Structure formats: C-alpha cells, structure tokens
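Peer 1: Before we start, here is the structure in question, set down as structure tokens.
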Amino acid sequence: MTRHMIAFAALVFMLAVTWWGFGEREVALEPADESTEDLLTAYATDFVILRTNDKGVAEFQLEAPIGRYFENQDLWQIDEPQWHMYPEDEPAWVGSADIGQSWAGGEEAELIGNVKLTQVLPEGTRQLTSERFFLQPKAQYAETNDPVRLTGPTYEITAIGARAWLDEKRTELLNEARGQHD
Amino acid sequence: QTRGPVQLEADTAEVSDADGLSIYRGNVVLTRDDTRITGDVMRVYTDSERELQRIEVEGNPATYRDIPLDGGAPRRAESPIMEYYAANPERIILRSGGRLWQGDNEVTGETITHFVAEGRTVADGSSAGGSGRVNVTVFPEQESEE
C-alpha cells in the first residue's frame, strides 16, 4: 500500500470520527500532490460539513471553497469558512472569516481576518466582530484578545478583548469598554 | 429638545442580551450631551423593546453634572446610588442620602429627584434609617448695583 494510499485512508477514517461528522454531500478528498507531501496530507474543495445530533437535528454546518489537512499537526486550515451554529430553540449564529483553523478533532478552532459572528433575533441583530477569535464550537464559546465590537439592537460596544457565551447570549468585554446606547 | 445617545466608558463591560442588561465596571463615565455621570459600576437596563430605560449608578460617591439649557451655572449632585432615566421624562434620582447644588444653592435629603428638562427638583427626607430631613439653601439673587 503506497504512502499516498495510507495517508488517504487515515484521513478518511480521521474525518469519520471527528465531531464535524460527515455531511449529506460526500466530502471529495484528494491526496496532496508531491510538492507539499510531508506537510499537506490532503485537501478538499467546495465542501460542506454538517454535524447533526443523534436525532438528526443540525447542530453545526461549515462550508468553504478549500480546506487543507496537515496530518502531522492534526490541523485543518480552511479558506473563507462560512458556518452556522444551531443552538437549541434559538436562531442560528452565522459566522465568517478569511481563514479558519481547527484542531483537536474540531473541538477547537481559530478564526483569523474579518471574523463576524451574527445572530438575528426577533428584537434585532447581534454581532461580534474582530480580527481574530478562538472558538469552541461545541461549547458555543468564543474569545479574543484583539479589539472587538459587539453590536446589539440598540447598543454598540467596543473593547479590547472579549469572552462570549453564545448560547447564553452573554459577553464580557475585558478592557477599555466604550459603549453607546440609543 | 432631542437628546443624543448615551455614551459610556469603563474598564470592563458585560452584556446579557437575554436580560437586556449591560454592566459597566471600573472608572465608569457616562456622557450625554452636557450631562456627565461618574461611578464605579453602572447597570444599563433596557425594556422589552430593548430601548434604554434606566441606568443604576453606584459610586463612592457617584457624581452628576449637567449644564442648564439657559446656560446658568452647572448643576452638580453626588450620592452613593443614583438612577438615571433617559426619557419619559429624563430625570436623575439620588438615593441613600444625596446632595444637589447649583452655585450656592443646595438641596440635601434621603432621596432627591431632579427633572432635567424642567430644572425642577423634589427632595424627600423620609426613609428607614435616613435623617428624615430635607435641607434647602437658596441664596437670593444678588441685586445688581444701580
């Protein structure tokens, strides 16, 4: 079994057990080409990953034009990820960024560049924006040490650093908080 | 007269959208046009429509200052606890023993309510444990020498 085949099989197995699970659309994985063999294990293009709970209800969906997997680091790197997080009985959180990285089987992720987390509520839209966010999708937790902006139906607050419990709709702004309430 | 938005500065803030409550902590300064309030903690409450309703201020003491529309001397106040209502009507309530003064004129009392637009002040001395007295000192305006 050539090294490519082993790497490819390992990757497919690895994807099957990660929390992101397999999407309705089969993820087309192609082995890496020769030049980045020792780093890049495989990549996927135009893919959608949908995670559902045991009742088949969507919990999280990610789509992106390209994603690369680096086995030696157990690291996924995804360009222009767009994702939906579906908290129970609540409107979805919709997110986007220039780049996303995920490790620990998808339990942790980092979002870099124009990061937006948006939730549309009956009383208005809530949005968190920053240049960088560390995310624990399953725990619906996000944090940053960078400048951050939180906007709500009738307020806007900027600060340096934030911790957000998305499912609890609670956000701590850690330094230099500047708020405007209408 | 349309009033501007309420702006706050603080060391940290915490927002709970589920409750419609934002809490600002540490060197908190609220400004709204010429009105300025300072304190250690400010809790911003919104109503069911998420409109700004009232702001509770705690300080050592909390302070208030505004400049009357007629351009008179600034009005100042201080008390351990204040409540600022942004509208209907806009007012500041000093609790737990407050003092409000403008130039040499001064009011003290357990609870003092100042209606910003009217420039009217109501003082109430009664409260459990309060001295129960309201003190008002008003200096007649100096007659201009002819």
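The values are calculated or read from the model by the stated rules, or taken from the named source; none is laboratory data. What you see is a predicted model; the values in this text were computed from it and never measured. No Cβ is skipped: glycine too gets one built from the backbone with ideal geometry, and neighbour counts run over all protein chains shown. Side chains are part of the model used for accessible areas, which takes the heavy atoms of the whole protein and leaves out ligands, DNA and RNA. Shrake-Rupley method; radii C 1.70, N 1.55, O 1.52, S 1.80 Å.
Peer 1: So what's the range A:40-181 giving for Cα Rg divided by 2.2 N^0.38 Å, two decimals?
Peer 2: Working it through for the range A:40-181, the quotient is 1.06.
Peer 1: Okay, moving on. Note down the net charge around A:GLY106, summing +1 for each Lys or Arg and -1 for each Asp or Glu among other residues with Cβ under 9 Å from its Cβ. Could you put the intermediate results ahead of the total?
Peer 2: Values: positive: A:ARG51, A:LYS138; negative: A:GLU107, A:GLU108.
Net of charged neighbours comes to 0.
Peer 1: Right, here's the next one. Averaged per residue, what accessible surface does chain B expose to a 1.4 Å probe, in Å²?
Peer 2: With the other protein chains kept in place, chain B gives 54 Å² per residue.
Peer 1: Based on the Kirkwood radius over alpha-carbon pairs, what is the Stokes-Einstein translational diffusion coefficient of the range A:59-120 at 20 °C with 1.002 mPa s viscosity, in µm²/s?
Peer 2: 177
Peer 1: At a cut-off of 50 Å², which residues of the range B:1-26 become less accessible once all protein chains are present than in their chain alone, using a 1.4 Å probe?
Peer 2: Those are B:ALA13, B:GLU14, B:VAL15, B:ASP17, B:TYR24, which lose 50 Å² or more relative to the chain on its own.
Peer 1: Okay, moving on. Using a 1.4 Å probe and counting only protein heavy atoms, how much accessible surface gets buried when A and B come together, both sides summed, in Å² to the nearest 100? Mind dumping the intermediate values first?
Peer 2: Details: alone 9860 and 8740 Å², together 16820 Å².
When A and B are taken together, about 1800 Å² of accessible area is lost.
Peer 1: Right, next: For chain B, take every pair of Cα atoms, bin their distances at 5 Å starting from 0, and report each bin as a whole percent.
Peer 2: All Cα pairs, binned at 5 Å, distribute as 2, 9, 18, 21, 19, 14, 9, 4, 2, 1, 1, 0, 0 percent.
Peer 1: So for the pair B:GLU106, A:ARG170, with labels modelled 7 Å out along Cα→Cβ, what separation do we get in nm?
Peer 2: 4.3
Peer 1: Same structure again: So if each residue of separation counts as 0.36 nm, and I subtract the Cα-Cα distance between B:ARG76 and B:VAL41, what length gain in nm does that give?
Peer 2: 10.7 nm
Peer 1: Summarise the partner chain shielding of A:149-160 as one whole number: the mean count of Cβ atoms from other chains within 10 Å of each residue's Cβ.
Peer 2: Mean partner shielding for this stretch: 4.
Peer 1: Please work out the C-alpha center-to-center distance from the range A:57-113 to the range B:104-118 and express it in whole Å.
Peer 2: If we compute the Cα centre of each part, the gap is 56 Å.
Peer 1: What order, most packed first, do the peptides B:103-110, B:79-86 have when packing is the mean number of other Cβ atoms within 10 Å of each residue?
Peer 2: B:79-86, B:103-110
Peer 1: Would you please report the Å³ per residue occupied by the convex hull of the alpha carbon atoms in the range B:58-130?
Peer 2: Working: hull volume 6.3 nm³, N = 73.
That works out to 86 Å³ per residue.
Peer 1: For the range B:1-89, with all protein chains present and a 1.4 Å probe, just round the carbon and sulfur fraction of the accessible area to a whole percent.
Peer 2: Carbon with sulfur: 42 percent of the solvent-accessible area.
Peer 1: Can you give the average number of partner chain beta-carbon atoms within 10 Å of each beta-carbon in peptide A:168-178, as a whole number? Could you put the intermediate results ahead of the total?
Peer 2: Working: counts 3, 6, 7, 6, 6, 8, 4, 5, 5, 14, 6.
For this peptide, the per-residue mean of nearby foreign Cβ atoms is 6.
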